[in-house]
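Colleague: Pasting a structure here, questions to come.
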Amino acid sequence: MKKVLLAVTSGIACYKALDVCSGLKKKGYDVTVIMSENASKLISPLLFQILTGNKVHTELFSLEDTKVTHINLIKENDLVVIVPATLNIISKLACGINDDFISTTLSATDPYKTLIFPAMNTRMYEGFACKENLEKLRKYGFTIIEPDSGLLACGDTGKGKLPQVNDIIDEIVFNLEKSNILKGKNILITAGGTKEKIDPVRYITNKSSGKMGYALARQAAFLGANVTLISTDTNLNIPNHLKTFIKVSSAEQMYNEVMNYHKNQDLIIMAAAISDFKVKNYSQHKIKKSEMKELKLDLELNKDILFELSKIEPRDFTLVGFAAESQNLKENALKKLKNKNLDYIIANDISNQAIGFDSDLNKVFIYDKELNESEIEMNTKDIVAKSILINIFDKL
């Protein structure tokens, strides 16, 4: 289990650190919190202690400690994260000022294993002191995550907002899990369900949350790959550290973008649920219910993107498709593998509600051209995605 040391200082956004703790714990990380004296006045250390199950440290000298606490905390944790980072702690860290527990602890940190999330008033953030000290910290090797822009707690509008909790967690997880296993590899992934318009307000689609495709993109980035994600509109956060992100809606748009980006790819994974049909008699105006007794749609086939990719010569990329089946899983998956000339097919049973649409879990079978089978047991989609990527690249 990887360990995170979360340093909480007294910005007004420090309440978000509670959700960061909760999110990291849910992902299986061991979190220990240290707080500045003023932060402990804004939020009770007891809340963090309950969430993490670990002692919250606020004092430099404590009779309960039998070791040099501030040094051991740095040694024992895999990553140090400052959320939020006030101008005060940024300036102390940059200038080597150690006048309380949190600044003394952070003075011993490895800059290359430390993330800083500044959050403050725009005038403070854009002031000479903050700019100069952040630049010093960057030169030392610290990773500074730029704050968002928007309405601040004081009523001003500008740059200085702490990023959304999910974005903070994604950045932390990326830095904990990143590796060079797929460094230099170019991977294209599609995700989501395409939409085919009936009129300006109605459409037909395939059921897909996009979670599996996004998990594959996220894990590929963690493993060091150059990731291009082509996705329909989903409710998911765009994974961090992608090389390229393209948003599409229809199957035709998906086809055009895939064909535009397929060159120089080492691996293409078509995880999107692409509609087989589009509406032939699309209406430019909203069809009024009062003007019709029934609606008849003429449908025509969309291009089969997987099949079109399989025909490319020379095919310098490994091509992977998905088979979401409700019956005869293996039989249908192998038929698709052969008919579409794929290198791999990933099959999952959508009749199993535990791993069906919108679930955060999945269980898949991987079949290659030689009909070898690999089973990936039920787990979170992120863990399944990582297993899929490693399984495929181990055989290349």
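The values are calculated or read from the model by the stated rules, or taken from the named source; none is laboratory data. Owing to the predicted nature of the structure, the values given are computational and were not obtained by experimental measurement. Cβ placement follows ideal geometry from the backbone for every residue including glycine, while neighbour counts extend to all protein chains displayed. Heads up: the accessible areas ignore ligands, DNA and RNA and are worked out on the full protein's heavy atoms, side chains in. Shrake-Rupley method; radii C 1.70, N 1.55, O 1.52, S 1.80 Å.
Colleague: Can you tell me how much longer the chain between Tyr15 and Lys27 gets when fully stretched, taken as 0.36 nm per residue apart minus their C-alpha distance, in nm with one decimal? Display every interim value, and only then the final one.
Modeller: Details: separation 12, 0.36 × 12 = 4.32 nm, distance 1.97 nm.
Stretched out fully, the Tyr15 to Lys27 stretch lengthens by 2.4 nm.
Colleague: Subtract the Cα-Cα distance of Thr157 and Asp78 from 0.36 nm times their separation in residues, and report this length gain in nm to one decimal. Present the calculation step by step, with values, prior to reporting the outcome.
Modeller: Numbers: separation 79, 0.36 × 79 = 28.44 nm, distance 3.55 nm.
Extra length from Thr157 to Asp78 when fully extended: 24.9 nm.
Colleague: Run the numbers on the chain and let me know its relative contact order in percent, using alpha-carbon pairs under 8 Å that are six or more apart. Before the final figure, lay out each step's value.
Modeller: On the way: 787 pairs, mean separation 41.2, N = 396.
Answer for the chain is 10 percent.
Colleague: Considering only protein heavy atoms and a probe of 1.4 Å, how much of the accessible area of region 1-116 is carbon and sulfur, as a whole percent? Numbers along the way, then the final one.
Modeller: On the way: 2950 of 5530 Å².
With neighbouring chains kept in place, the figure for region 1-116 is 53 percent.
Colleague: Here's a follow-up. Please turn the phi angles of region 134-145 into ³J(HN,Hα) values with the Karplus equation 6.51 cos²θ - 1.76 cosθ + 1.60 (θ = phi - 60°), one per residue in order, whole Hz, x for glycine and proline.
Modeller: 3J(HN,Hα) across region 134-145, in whole Hz: 5, 5, 4, 5, 4, 5, 6, x, 5, 9, 9, 9.
Colleague: Report the local net charge at Ser10: Lys and Arg +1, Asp and Glu -1, summed over other residues whose C-beta lies under 11 Å from its C-beta. Display every interim value, and only then the final one.
Modeller: Working: positive: Lys41; negative: Glu37.
My count for the surroundings of Ser10 gives 0.
Colleague: Quick one: which residues, 5+ away or cross-chain, put their amide H under 5 Å from the amide H of Ala7? H built at 1.01 Å from N.
Modeller: Placed amide hydrogens put Ile34, Val81, Ile82, Val83 under 5 Å from Ala7.
Colleague: Lysines near Lys75 by alpha-carbon distance under 17 Å, same-chain residues fewer than 8 away left out - which ones?
Modeller: Lys2, Lys3, Lys55, Lys67, Lys113
Colleague: Let me ask you something else. Applying the Karplus parametrisation 6.51 cos²θ - 1.76 cosθ + 1.60 with θ = phi - 60° to the phi angles of region 114-129, what ³J(HN,Hα) value in whole Hz is obtained for each residue in order, glycine and proline being reported as x?
Modeller: Per residue, the Karplus-derived 3J(HN,Hα) values read 9, 10, 10, 10, x, 8, 5, 4, 4, 5, 5, 5, 8, x, 4, 5 Hz.
Colleague: Please give the per residue accessible area of the chain, computed with a probe of 1.4 Å over protein heavy atoms only, in Å². Walk me through the intermediate numbers first.
Modeller: Numbers: 20100 Å² over 396 residues.
Heavy-atom accessible area per residue stands at 51 Å².
Colleague: At 7 Å along the Cα-to-beta-carbon direction for both Ile97 and Asp148, put a label point, then send me their distance in nm to one decimal.
Modeller: Inter-label distance under the simple model: 3.0 nm.
Colleague: Still on this model: Which residues' amide hydrogens lie under 5 Å from the amide hydrogen of Val31, considering only partners 5 or more residues apart or on another chain, with H built in the peptide plane?
Modeller: Those lying under 5 Å, H to H, from Val31 are Val4.
Colleague: Long-range amide H contacts for Gly356: which residues qualify at under 5 Å (H placed 1.01 Å from N, peptide plane, sequence gap of 5 or more or a different chain)?
Modeller: Here nothing satisfies the definition.
Colleague: Using a cut-off of 11 Å between beta-carbons, work out the net charge of the residues near Gln284 (Lys and Arg +1, Asp and Glu -1, Gln284 not included).
Modeller: Numbers: positive: Lys197, Lys286; negative: Asp199.
That sum, taken over residues with Cβ under 11 Å, equals +1.
Colleague: When Lys and Arg each count +1 and Asp and Glu each count -1, what net charge do the other residues less than 12 Å away from Cys154, Cβ to Cβ, add up to?
Modeller: Numbers: positive: Arg123, Lys161; negative: Asp156.
Charge balance in the 12 Å sphere: +1.
Colleague: Tell me the accessible surface of Ser351 in square angstrom (1.4 angstrom probe, heavy atoms of protein chains only), to the nearest ten.
Modeller: Surface accessible to solvent at Ser351 totals approximately 70 Å².
Colleague: I would also like to ask the following. Could you work out the relative contact order of region 90-184, using alpha carbon pairs under 8 angstrom and six or more residues apart, expressed as a whole percent? Numbers along the way, then the final one.
Modeller: Numbers: 102 pairs, mean separation 24.8, N = 95.
Answer for region 90-184 is 26 percent.
Colleague: How much length is gained if the chain between Ser44 and Asn235 is pulled fully straight, taking 0.36 nm per residue apart and subtracting their Cα-Cα distance, in nm to one decimal?
Modeller: Working: separation 191, 0.36 × 191 = 68.76 nm, distance 3.31 nm.
Here the answer is 65.4 nm.
Colleague: Would you please classify the overall shape of region 315-396 from the alpha carbon gyration tensor, given that a ≥ b ≥ c denote the square roots of the eigenvalues, rounded means a/c under 1.5, and beyond that prolate means a/b larger than b/c while oblate covers the rest? Spell out each step's value before the answer.
Modeller: Working: a/c = 2.12, a/b = 1.28, b/c = 1.65.
Oblate, because a/c is 1.5 or more while a/b does not exceed b/c.
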